[in-house]
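Asks: This is the structure I want to talk about, given as structure tokens.
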Amino acid sequence: QSVLLGKKNRTDGDMYRLFGGFVDVKDDTLEDAAKRELTEEAGINLNVGEPIYIGSRRINDWRYKSEKDKIMTTLYGFEYLWGTPTPGSDIDEVAWIKVSDLSKYLLPFHMDLVKNYIHAIEKKLFTA
């Protein structure tokens, strides 16, 4: 039971991050945006199932600290089907991290998002 994560060498040190980004005006749905971002950042040769909604929450994004508008993020998971994950876009490295090790390897600001959903992630992604 592992989660594919990415790393930006110039900013992340030994820690990993979730894949993600902003919704593009060409995206028809949030699910389309999530799949596009995963493809851009984790490699075009990665084939995954349909997005599985995990949860959402307001985040304190550093880019919006001084703005009146804030960011709401949505967390999706994908079932790995086949293919080889490869770094893309602004990601330098990808790695499979065990769910039980997320607290050791996931950046704290992403762990804040994930910690409330660990049970849901395990239930929705790792059970038939």
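The values are calculated or read from the model by the stated rules, or taken from the named source; none is laboratory data. All values derive from a computational prediction rather than experimental measurement. For neighbour counting, all protein chains shown are included, and Cβ atoms are generated from backbone atoms with ideal geometry for every residue, glycine included. When the accessible area is computed, the model is the full protein with side chains, heavy atoms only, and any ligands, DNA or RNA have been set aside. Shrake-Rupley method; radii C 1.70, N 1.55, O 1.52, S 1.80 Å.
Asks: Given [x] 21, 17, 17; [y] 29, 18, 11; [z] 27, 18, 12, which label gives semi-axes √(5λ) of the Cα gyration tensor in Å as computed from the coordinates?
Replies: For semi-axes √(5λ) of the Cα gyration tensor in Å, the calculated option is [x].
Asks: What list of ³J(HN,Hα) values in whole Hz, one per residue of the range 14-29 in order, does the Karplus curve 6.51 cos²θ - 1.76 cosθ + 1.60 (θ = phi - 60°) give from phi, with Gly and Pro shown as x?
Replies: Result, rounded to whole Hz: 8, 9, 10, 9, 6, 7, x, x, 8, 5, 8, 4, 7, 6, 7, 9.
Asks: What is the dipole size for the range 27-74, taken about its Cα centre, with +1 at each Lys and Arg Cβ and -1 at each Asp and Glu Cβ, in debye to the nearest 20? Walk me through the numbers before you get to the answer.
Replies: Values: 8 positive and 11 negative charges, 87 e Å.
It works out to roughly 420 debye.
Asks: Let me ask something else about it. Using DSSP, restrict attention to beta bridges with both residues in the chain and report what percent are antiparallel, rounded to the nearest 5. Can you show the working numbers first?
Replies: Details: 17 of 18 bridges.
For the chain, the DSSP antiparallel bridge percentage is about 95.
Asks: What ranking of D32, D27 comes out by heavy-atom accessible area, probe 1.4 Å, highest first? Intermediate results must be reported in sequence, preceding the final value.
Replies: Values: D32 70, D27 25 Å².
I get D32, D27, largest accessible area first.
Asks: Can you give me the long-range amide H partners of Y76? Hydrogens built in the peptide plane at 1.01 Å from N, cutoff under 5 Å, separation of 5 or more residues or another chain.
Replies: Residues meeting the amide H criterion: I54.
Asks: Shifting gears a bit: Which whole-Hz couplings ³J(HN,Hα) result when phi for each residue of the range 62-76 is put into the Karplus expression 6.51 cos²θ - 1.76 cosθ + 1.60, θ = phi - 60°, listed in order with x for Gly and Pro?
Replies: Each residue of the range 62-76 in turn: 4, 6, 10, 4, 9, 9, 6, 7, 10, 10, 10, 10, 10, 9, 10 Hz.
Asks: Quick one: which of 35-44, 56-65 comes out on top by average Cβ neighbours within 10 Å, and what's the full order, highest first? Don't jump to the answer; show the numbers that get you there.
Replies: Working: 35-44: 18.4, 56-65: 11.0.
Output ranking for 35-44, 56-65: 35-44, 56-65.
Asks: Is the range 38-100 rounded, prolate or oblate when judged by the Cα gyration tensor, a ≥ b ≥ c being the square roots of its eigenvalues, rounded requiring a/c under 1.5 and prolate requiring a/b larger than b/c? Before the final figure, lay out each step's value.
Replies: Numbers: a/c = 2.42, a/b = 1.72, b/c = 1.41.
In terms of gyration-tensor shape, prolate.
Asks: From the phi of every residue in the range 77-86, what ³J(HN,Hα) in whole Hz does the Karplus formula 6.51 cos²θ - 1.76 cosθ + 1.60 yield, where θ is phi - 60° and glycine or proline is x?
Replies: Residue by residue, the range 77-86 yields x, 9, 7, 6, 9, 6, x, 10, x, 9 Hz.
Asks: Per residue, how much accessible area does the chain show when a 1.4 Å probe rolls over the protein heavy atoms, in square angstrom?
Replies: Numbers: 8240 Å² over 128 residues.
Accessible surface, normalised per residue, equals 64 Å².
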